[in-house]
Amino acid sequence: MGRLIGDGMYLVIADIVVAPAYQRKGIGSRIINMLIGYVDMELPDGRRASELIAER
């Protein structure tokens, strides 16, 4: 599961969750790449930035 939050000008990847049984199979990376692709399509150039805050 991945979740974006935003106000129409800026979007932030708020959550990425992969069930333990499915971790280490590239699913989290695929979710991130899909969200980044969506952000690239929805936001104009110059309004994109990436930040990652992680917790184990």
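Pairs meeting the criteria (first residue in region 1-26 and free of Cβ contacts under 8 Å to residues at least 40 places away in the same chain, second residue part of a loop (DSSP other than H, G, I, E, B) and among the charged types (D, E, K, R), beta carbons under 7 Å, at least 6 apart or on different chains) are 9/47; 10/47. Scanning region 33-49 finds no residues that are under 9 Å from the mean Cα position of the chain (by Cα), outside any helix (DSSP H, G or I) and in contact (Cβ under 8 Å) with a residue 12 or more places away in the chain.
Within this structure, residue 54 passes the test of being part of a loop (DSSP other than H, G, I, E, B) and among the small types (Gly, Ala, Ser). When the test is whether a residue is out of contact with any Lys or Arg (no Cβ under 7 Å at 6 or more places or on another chain) and open to solvent by less than 50 Å² (accessible area, probe 1.4 Å), residue 52 does not pass it. Considered as a group, the residues in region 34-49 that are open to solvent by 100 Å² or more (accessible area, probe 1.4 Å) and of a type in the set (A, V, I, L, M) include one that is modelled with the lowest pLDDT, and that residue is 41.
The values are calculated or read from the model by the stated rules, or taken from the named source; none is laboratory data. Everything quoted here is computed from the prediction, not taken from an experiment. Neighbour counts are summed over all protein chains in view; Cβ atoms, including those assigned to glycine, are modelled from backbone coordinates with ideal geometry. Only protein heavy atoms, including side chains, enter the accessible area calculation; ligands, DNA and RNA are left aside. Shrake-Rupley method; radii C 1.70, N 1.55, O 1.52, S 1.80 Å.
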